[in-house]
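Heads up: the structure comes next, in C-alpha cells.
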Amino acid sequence: MTAIKITLPDGSAREYKKGITAGEVAFSIGRRLGEDALIAKINGKMKDLFIPINEDSALQIITYKNKEGIDVFRHSTAHLLAHAVVELFPDAKPTIGPAIEDGFYYDFGISHNFTPEDLEKIGQRMQEIAEKNHKVERMELSESEAKSIFRGNKYKIEMIEELQRESQPISAYRQGDFTDLCRGPHLPSTGKLKAFKLTKTSAAYWRGDSKNDQLQRIYGITFPEKGMLDAHLKSAEEAEKRDHRKLGKELEWFNFFEESPGAPFFYPKGAIIYNELLKFLREEYKKRGYNEVITPLLYEKSLWETSGHWQHYKENMFVIEIEGKEFSLKPMNCPSHILIYKSKTRSYKDLPLRIADFAPLHRNELSGVLAGLTRVRKMSQDDAHIFIAPEQIEDEIFKVLEFTNYIYKEVFDFEFEVELSTRPEKFMGSMEDWNKAEDSLKKALEKKGMGYKIKDGEGAFYGPKIDFHIKDAIGRRWQLATIQLDSQLPQRFDATYIGADNTKHNVVMIHRALLGSLERFIGILVEHYAGKLPLWLAPVQIKILTVADRFEKYADGIKKKIEKNGLRVEIDARTESVGYKVREAQANKIPLILTVGEKEENNGTVAVRTSDNKVYFDVKAGELLKKILENVEGKKVRFEI
C-alpha cells in the first residue's frame, strides 16, 4: 500500500492510503465530523469531499461553521432549485445561481413569470429530490462535450465559450438526471439539504445588463437543520416589522423617490434625528480636540490620479465634464483633507491634527444593490482624518478607541466585537512599517482592555485597520466604526512635517469614521430600536393628551415649561378618546405620553406612559421635567421614573 501523509489544522499528521478522499478522512477522525463535513480545503484550495488525494497534503475539513461551507451549502441548494425548476418547467433555461449574503438565487431564461403558487410547487419538488439523496458527481469537460450537454441553452454556451477564451477549465456537476455547468466545489449528495425555503421572485437581466435578455430570478434560504430555518424565519418576520424603509415612510421621517435613486429625502422629523446626531458629535469633537472643516464636493481628476482613486475606483465615481476637463463628485474626504494639511508647512508641534468633515459623498453604486438607508449613493459620514507622527500612533489610536467605546457602549448600549485586520498579500510600504503599525494597534487595543479577533491578511493595501461589528436587537451583525492607519496616501501627496531634528518627515494618517455613514447608522438605529428611539433622539419627545378640551390650558402650561428647556413636545387636545390618542401616539413612536385631566390639574401632576408601556400616576410635573432633562443630557437609552 502506498501511503500519503495528511497534515491537519492542529499540526498533527496521519498516514492514509493513496487515493483516500477528504470525506473518508473526516469519518476517520470522528463520526460527527464526517457527517458535518461539506467540502475540504486541500493545500489551501477548495475541493469536493469525494476527490481522491494522491499526495502528501494539508487538509482542513469545512463544515457549516465556516463561511466557505455556508457559501457552498447555499450554492448547492441553488443547484437543487434549478433541478426542480427544470423538472417542472422543461422550457426553463438555467443561467447562474450564486450564494449571496443571506441565501441564494437562481436566474432562469423563461417566458413564464413565476408566481407564489409556483414557488410552493418548486419547493415541494426540491424536497422530493433532496430526499432521493442523489450522489453529486464532478465532470471535467472539453469544449465540445460541454456544448453537447448544454445545447439549446444559449446562456450556458456563452459561458462555455468565455471559459475557453480565458483558457479556464470547464467542469459540470451531475445529480440524478440534472447537470449544471459549475466550477464547484459542491456537497457530496442532495440528502444533506434538509431545510430550505423559497422566498421571492424578481426580474433580472442576463449579466446584469439591461440591454440583455430579461430573466426570472428565484431567491431562497437554506440551513442544515429545520430549527435553524425556523429561527431565521422568525427573525426575518421581526426584521420585516422593523424595516427602516417601512417605518421611515409611515412615520414621515424619510423616503425615497425614483427621481433620485439611492439618495434619501429626510422630512422635517427625520432631519431632527439627523441633526441631533450631528449635534452630539460636534459636542464630542469640542471635548476631544477635533476641528471641523467644510470642503468642496467637486474635484478635477488630477487630485484623484494622485490619490490613486482614478486608477482603482473610477467606476464607483460620478464623473462630470466641465469646459473640456473631467471632474468627479468626491466619494471620500481623505484627499481634500490632505490638501488642507499641505496648505502650509507643519511642525511636529502641530501634531496630532484632527480634521472632521460631514461633507456629502457620492458613490456610483449599482441600482441592484441599493437598499434604503443602508446602501445609498449619496451619504455623509462622521468622517475624520488625524495627522500624526509615527511615535504618536499608539496614543492616538487609544483615544479613538475610547471615543468609539463611549459611543457604542455608553450612549447606544450596543454589543460589539472588534477585529484587527493585518497585512494583505499585496501591500504598499515596507514590512518594517507594517509590523510597527500592527504592533501599535495591538498595544492600543490591549491598553484599552478590548478583546479582538485577528483577521489575518484582510487589512487595506495601505495599512492595517480596526473594525467594530455591532449586534442589533434581533442578533444581526453590522460593521460600523472603522479605524485605519495609512502612511501611503500621505506619501503620494508628499505630506510631511518638520520634526524636532529640523528635517522633513512623512506624516502618518488615521482614517476614522465611528458611526460611519450617518444615513446607514440611522437605518440601523431605527431597526435596532424598532422605531422607538432614545428620548434624546426622538423627533417628538413628549406628547401631552387631554382627557377633555377644558384641560387644554393646563396642558399648554406644561408644554411651555417643557419647550423653554429646548425639548420637543406636542399637545393632542382632540375630542377623541384617550385610548385612541394613546394608540396613535404609540404608533408614532413617541417616547413619553403624558395624560392630564381634572385630578392632574388639581394636583399639578401628570400621568406618564413610557415607551415600554409602563404607566405612572401622580407624577409631579416639575420633577418629571427634571428627570427628562437628566435623561436627555446623559444620552440615556431608557427612561426611568
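Odds and ends about this structure:
- Of all residues in segment 131-175, those that are small (Gly, Ala, Ser) and assigned to a helix (DSSP H, G or I) total 3.
- Residue match in segment 445-462 (condition: at pLDDT below 95, within 25 Å of residue 274 (Cβ to Cβ) and not in a strand (DSSP E or B)): no
- Test result for residue 253, under 28 Å from residue 78 (Cβ atoms) and hydrophobic (A, V, I, L, M, F, W, C): no
- So residue 236, is it at pLDDT below 95, aliphatic (A, V, I, L, M), part of a helix (DSSP H, G or I) and surrounded by 13 or more Cβ atoms within 10 Å (Cβ to Cβ): yes
- Test: residue 392 is in the same structural domain as residue 352 (by TED's automatic domain parsing), closer than 23 Å to residue 478 by Cβ and crowded, with 17+ Cβ neighbours inside 10 Å: no
- Matching residues in segment 176-201 - criterion: being within 17 Å of residue 132 (Cβ to Cβ), β-branched (Val, Ile, Thr) and in a strand (DSSP E or B): 179
- Segment 556-580: number of residues that are in contact (Cβ under 8 Å) with a residue 12 or more places away in the chain and under 42 Å from the mean Cα position of the chain (by Cα): 10
- Residue tally, condition of a type outside the set (Ser, Thr, Tyr) and outside any strand (DSSP E or B), over segment 4-31: 15
- Meets criteria (of a type outside the set (Phe, Trp, Tyr) and over 30 Å from residue 538 (Cβ atoms)) for residue 395: yes
- Among the residues listed as 22, 40, 3, the single one being in contact (Cβ under 8 Å) with a residue 12 or more places away in the chain, under 36 Å from the mean Cα position of the chain (by Cα) and farther than 22 Å from residue 103 by Cα: 22
- So residue 438, is it more than 24 Å from the chain's Cα centre (by Cα), more than 17 Å from residue 391 (Cα to Cα), in a helix (DSSP H, G or I) and free of Cβ contacts under 8 Å to residues at least 60 places away in the same chain: no
- Residue in segment 334-387 that is surrounded by the most Cβ atoms within 10 Å (Cβ to Cβ), counting only those that are more than 24 Å from residue 310 (Cβ to Cβ) and charged (D, E, K, R): 382
- Pairs with Cβ under 7 Å, 6+ apart, first in segment 378-398 and under 17 Å from residue 518 (Cβ atoms), second small (Gly, Ala, Ser) and not in a strand (DSSP E or B): 378/262; 378/263; 380/359
- If you go through segment 377-401 and pick out every residue that is under 23 Å from the mean Cα position of the chain (by Cα) and not aliphatic (A, V, I, L, M), you end up with 7.
- Residue check for residue 250: farther than 30 Å from residue 136 by Cα, loosely packed, with under 14 Cβ neighbours inside 10 Å and of a type outside the set (A, V, I, L, M): yes
- Flag if residue 537 is closer than 30 Å to residue 405 by Cα and in contact with a Ser or Thr (Cβ under 7 Å, 6 or more places away or on another chain): no
- Residues in segment 441-485 that are among the acidic types (Asp, Glu) and touching a residue at least 40 places away in the same chain (Cβ under 8 Å): 467, 472.
- Which listed residue, of 74, 31, is without any contact (Cβ under 8 Å) to a residue 12 or more places away in the chain and within 22 Å of residue 136 (Cβ to Cβ): 31
- Residue identified as at pLDDT 95 or above, in contact with a helix residue (DSSP H, G or I) (Cβ under 6 Å, 6 or more places away or on another chain) and surrounded by 18 or more Cβ atoms within 10 Å (Cβ to Cβ) among 534, 539: 539
- The C-beta contact set for segment 143-160 (first residue in the same structural domain as residue 171 (by TED's automatic domain parsing) and without any contact (Cβ under 8 Å) to a residue 24 or more places away in the chain, second residue in a helix (DSSP H, G or I) and aliphatic (A, V, I, L, M), distance under 7 angstrom, 6+ apart or interchain) comprises 147/157; 147/160; 160/146.
- Residue match in segment 535-555 (condition: free of Cβ contacts under 8 Å to residues at least 40 places away in the same chain and not in a helix (DSSP H, G or I)): no
- Residue check, residue 289 at positive phi and not assigned by TED's automatic domain parsing to the domain that holds residue 498: no
- Condition check for residue 96: assigned to a helix (DSSP H, G or I), under 35 Å from the mean Cα position of the chain (by Cα), β-branched (Val, Ile, Thr) and crowded, with 18+ Cβ neighbours inside 10 Å: no
- Taking strands (runs of 3 or more DSSP E) as the structural unit, those lying wholly within segment 32-73 and holding at least 1 residues that are exposed (fewer than 14 other Cβ atoms within 10 Å of the Cβ) correspond to 45-47.
- Some residue of segment 422-431 being farther than 30 Å from residue 233 by Cα, in contact with an Asp or Glu (Cβ under 8 Å, 6 or more places away or on another chain) and assigned to a strand (DSSP E or B): no
- Condition check for residue 229: on the phi < 0 side of the Ramachandran plot and in a strand (DSSP E or B): no
The values are calculated or read from the model by the stated rules, or taken from the named source; none is laboratory data. Bear in mind that the values here come from a model prediction, so they are computed numbers and not experimental data. Note that each Cβ is placed from the backbone with ideal geometry, even for glycine, and that neighbours are counted across all protein chains shown.
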